Amino acid sequence: MSFDAVVVGAGPGGAFSAYWLAKNGLKVLLLEKKPLPRFKLCGGCLSARVVYLLPEGWQGLVKAIIREGTLGYRGEESFSLPSEKPLAYIVDRAEFDYFLVQNAQQVGVELWQECELLGFEEGERIKVYTSKGEVEADFLIGADGFYSKTADLLGYKKKKFFRSLEFQCLTNLKEGVRIDVGLVEKGYAWVFPTNVGIASTGKENLLELLKDYSTKLGLKVEGKVHGWHIPYLENKKDFHAGRGRILLVGDASNSVDPLLGEGIYYALWGAKNAVQAILNCPNNPVEEYFRLSKPMIEELVYAGRIAKIAYRFQRFSYNWGKKGALKAYYKLLRGEESYKKLFFKAWLHLI
C-alpha cells in the first residue's frame, strides 16, 4: 500500500500535520495506537494565541474561557489579575484531539486506529512497518509524543523534561487559573477549572507535595492521580528535527515551553513548518524544516532564559509578577508579545 506521507500519532501535532498535507494534495495515512476519542493526560489549557492556527469549529469544544490569572507562592499567598480579553481556553483533550482528527479525515486523510509503528526503512521510498501491515511513503512525520518511537528509531533521547502529576477536580475557578511557584526547585503547581496538578524537573516527592498543596487550597485529592512527562527545549540543540524525509513535531521534537510546559501551540506551529518544508524541499525537507522553525526555536530559547531566572529566584519572581510581569505575560498568551521581547524588556527593567 502506498501513500505520499505517513503521520505517526493523532495528537494535535500529528492531526494538524496530516490535515495540512492533505489540504495540499498529498495522500496521507494517520496512525494512532489507541481507539479514538481517547483519554489524554494534559491540563487542557490552550493559550489564546493558538486560535489563529485552529480550524473553524473549535469554539464548540471550550469548557471554560479564562479571563483571570492568579499567581501564588507555595499555596500560602497569592494575587489575581483580571483581563478584558480571553487569555486561554479550557478543553477536554479527548474531544479536542478527535476534533482535529475529524478535520483531517474530512480533507481525505486515511486513519488507522489501534495501529502502532513498529519500524521503518529508509531508501528511495520509506518502508513503514506497522501492526496492521507494511506501507510505503515518500515522507514520515513522527508526532508520537514524549515516548516517540519515531524519534527513538532515529537515535534521539529525551534528556530534559518535567515530571507531572494531575487529578481531575471541579474547582471554584470558573474563568480563572492559578499557578504557584516555590513548591519545587524548578517547576510549578496549578489549579484549572477542571484539574489540579504539579510539575517539576527535580526528584521531589510530587504526590506528597500535590496533596499538601491541595489541602492548603481547600481541595481534596479524589480519584486517580495521573502522571506523565513533558519534554522542553532550552537551546537549538534540544530541537529534534529528524533526518532526511523523516520529520518530528510536537513533544517528539521537544517543542514545548520550558517555563510552563505549554505544548499544543508549538505542536501546531511545528506541524505547519514541517508541512511547508516538505512542500518546499521534498528531496531533503529536514534542513528546510529547521530553517522554518528558527523563529519558534528562538521563542522557546528565550522562554528558557526567563525560566532559568524565574525558577532560580522564585520569591523574587512572585514579587516581580505583582509589579507587572504577569500583566506583560498576558500579552504573550494573547499573541501580542514574544518571549524575546519580554526577556529584553524585563532585563532593561531589572538593570
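The values are calculated or read from the model by the stated rules, or taken from the named source; none is laboratory data. Everything quoted here is computed from the prediction, not taken from an experiment. Note: ideal-geometry Cβ built from the backbone for every residue, glycine included; neighbour counts use all protein chains shown. Quick note on the areas: whole protein, heavy atoms, side chains included, nothing else; ligands and nucleic acids left out. Shrake-Rupley method; radii C 1.70, N 1.55, O 1.52, S 1.80 Å.
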(1) within 17 Å of the chain's Cα centre (by Cα); (2) over 30 Å from TYR213 (Cα atoms); (3) acidic (Asp, Glu): which one isn't true of GLU136, the others all being true?
(1)
Index of the failed condition, GLY123 passing every other in (1) open to solvent by 10 Å² or more (accessible area, probe 1.4 Å); (2) touching a residue at least 60 places away in the same chain (Cβ under 8 Å); (3) among the small types (Gly, Ala, Ser)
(2)
Between residues in segment 224-253 that are in contact (Cβ under 8 Å) with a residue 12 or more places away in the chain and under 20 Å from ARG305 (Cα atoms) and residues that are open to solvent by 20 Å² or more (accessible area, probe 1.4 Å) and β-branched (Val, Ile, Thr), which pairs lie under 7 Å by C-beta distance while being six or more apart or on different chains?
GLU234/VAL301; ASN235/VAL301; LYS236/VAL301
Can you list residue pairs whose Cβ atoms sit under 6 Å apart, with the first residue in segment 187-205 being farther than 19 Å from LYS220 by Cα and the second being open to solvent by 10 Å² or more (accessible area, probe 1.4 Å) and assigned to a strand (DSSP E or B)? Count only pairs 6 or more apart in sequence or on different chains.
SER200/ARG163
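Scan segment 277-295 residue by residue and report those that are in contact (Cβ under 8 Å) with a residue 60 or more places away in the chain and open to solvent by 20 Å² or more (accessible area, probe 1.4 Å).
Within segment 277-295, the first condition is being in contact (Cβ under 8 Å) with a residue 60 or more places away in the chain, and the residues that meet it are 278-279, 282, 285.
Across segment 277-295, the qualifying residues are LEU279, PRO282.
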Based on what the data block shows, is TYR318 open to solvent by less than 20 Å² (accessible area, probe 1.4 Å) and either in contact (Cβ under 8 Å) with a residue 60 or more places away in the chain or part of a helix (DSSP H, G or I) (or both)?
yes
When segment 304-337 is examined, which residues are found to be in contact with a helix residue (DSSP H, G or I) (Cβ under 7 Å, 6 or more places away or on another chain) and on the phi > 0 side of the Ramachandran plot?
GLY335
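Look through segment 115-148, keep the residues that are outside any strand (DSSP E or B) and among the hydroxyl-bearing types (Ser, Thr, Tyr), and return whichever of them is farthest from HIS240 (Cα to Cα).
Taking segment 115-148 as the starting set, the residues that turn out to be outside any strand (DSSP E or B) are 115-116, 122-125, 131-132, 143-148.
Next cut, among the hydroxyl-bearing types (Ser, Thr, Tyr) only: 131, 147-148.
Working: SER131: 25, TYR147: 13, SER148: 11 Å.
The qualifying residue farthest from HIS240 (Cα to Cα) is SER131.
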Criterion first (assigned to a helix (DSSP H, G or I), out of contact with any strand residue (DSSP E or B) (no Cβ under 8 Å at 6 or more places or on another chain) and either over 22 Å from GLY155 (Cα atoms) or modelled with pLDDT under 95 (or both)) does LYS308 satisfy it?
yes
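Is it fair to say LYS40 is in contact with a strand residue (DSSP E or B) (Cβ under 7 Å, 6 or more places away or on another chain), closer than 22 Å to LEU165 by Cα and modelled with pLDDT under 95?
On the way: in contact with a strand residue (DSSP E or B) (Cβ under 7 Å, 6 or more places away or on another chain): no; closer than 22 Å to LEU165 by Cα: yes; modelled with pLDDT under 95: yes.
Taking the combined requirement at face value, the residue does not satisfy it.
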What are the residues in segment 1-34 that are open to solvent by 40 Å² or more (accessible area, probe 1.4 Å) and modelled with pLDDT of 95 or more, if any?
SER2, ASP4, TRP20, LYS23, ASN24, GLY25, LYS27, LYS33, LYS34
